[in-house]
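The values are calculated or read from the model by the stated rules, or taken from the named source; none is laboratory data. Note that this is a predicted model, so its numbers are computed, not measured. So basically every Cβ, Gly included, is an ideal-geometry build from the backbone, and we count neighbours across all protein chains shown.
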Amino acid sequence: MTDTKDLVLCEIADRVAVVTINRPDKLNALDGPTRQRFLDLMNELRHDDDVRVVVVTGAGKAFIAGADVGEFDGRSAIDQYQLMNEPTIFDCVDEFPKPVIAMLNGFTLGGGCELALACDIRIASAKAKLGQPEINLGILPGGGGTQRLPRLVGMGTAYKLLFTGEIIRADEALRIGLVDEVVPPEELRDRVMALAGTIAEKSPVALRLMKQAVRASVRAPLDEGLRLETTLFGVAFASEDKNEGVAAFLEKRAAEFKGR
């Protein structure tokens, strides 16, 4: 029997945690044990002060090819409703206080695309393919696809992808704004780790507050978002990181942020 810890792997170096969905024989399809292991691991990383950025990726030739459809067979509506009202990996990533980068190494479909949508930044291999093909099973996305996708690509483009179940190439995903950058497959990890490393050097306090403010920009009226930004700007001034950042600037040296 597979140890559930092997379903999702984690390696930490230089303040960056790389979380890898590890079911390559199933194209990293998300079954119950995998989802639970992911939730447990992300909760650990949330409270690990040595981790400032999280990168999510998949083993083999897929990021995540979707849900494990075999689990749907025979599942009642009540069972599914109860499952969807438990903590989800999508909300876990969306609400995660630290920056989360999706490293899209291959197939990013269904629940995999929804997990990528919940991340803060999406960097894709040129070989990646993305889509929400739930319509082909007679269902609709249940992990935020109908809500987060239109916010990124616009309603018309979202309707087209959702209604047809079309799977698109990385270059098309970049054109419509579904991913933020596309790189050659052999350069993907280096590019993502370089980006994560740059972010990890910044103030954890400022990053956390900034993420909160940016989230509000698509979920709150403008006036409310501006008030929140002003409040968080003031909060940042109470941090040791602010004092260090200003001192480093004036002294013309690199800042050494402590996250306090």
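Some observations on this one:
- Candidates V246, V205, V235 - the one that is crowded, with 17+ Cβ neighbours inside 10 Å, more than 17 Å from the chain's Cα centre (by Cα) and either not basic (K, R) or not assigned by TED's automatic domain parsing to the domain that holds V16 (or both): V205
- A158 vs. criteria modelled with pLDDT of 95 or more and either of a type in the set (A, V, I, L, M) or not assigned by TED's automatic domain parsing to the domain that holds D50 (or both): yes
- Scanning region 21-36 for residues that are in contact with a Leu (Cβ under 7 Å, 6 or more places away or on another chain) and either at pLDDT 95 or above or crowded, with 21+ Cβ neighbours inside 10 Å (or both) gives N22, R23, T34.
- Members of region 122-157 that are surrounded by fewer than 18 Cβ atoms within 10 Å (Cβ to Cβ), out of contact with any strand residue (DSSP E or B) (no Cβ under 6 Å at 6 or more places or on another chain) and not in a helix (DSSP H, G or I): K127, G138, I139, L140, G142, G154
- Residue within region 53-70 that is surrounded by fewer than 16 Cβ atoms within 10 Å (Cβ to Cβ), among the hydrophobic types (A, V, I, L, M, F, W, C) and modelled with pLDDT under 95 present: yes
- Taken over region 164-192, the criterion of being of a type in the set (D, E, K, R) and either in a loop (DSSP other than H, G, I, E, B) or buried (at least 17 other Cβ atoms within 10 Å of the Cβ) (or both) is satisfied by E166, D180, R189.
- Residue check, L9 touching a residue at least 40 places away in the same chain (Cβ under 8 Å), under 17 Å from the mean Cα position of the chain (by Cα), assigned to a helix (DSSP H, G or I) and in the same structural domain as I121 (by TED's automatic domain parsing): no
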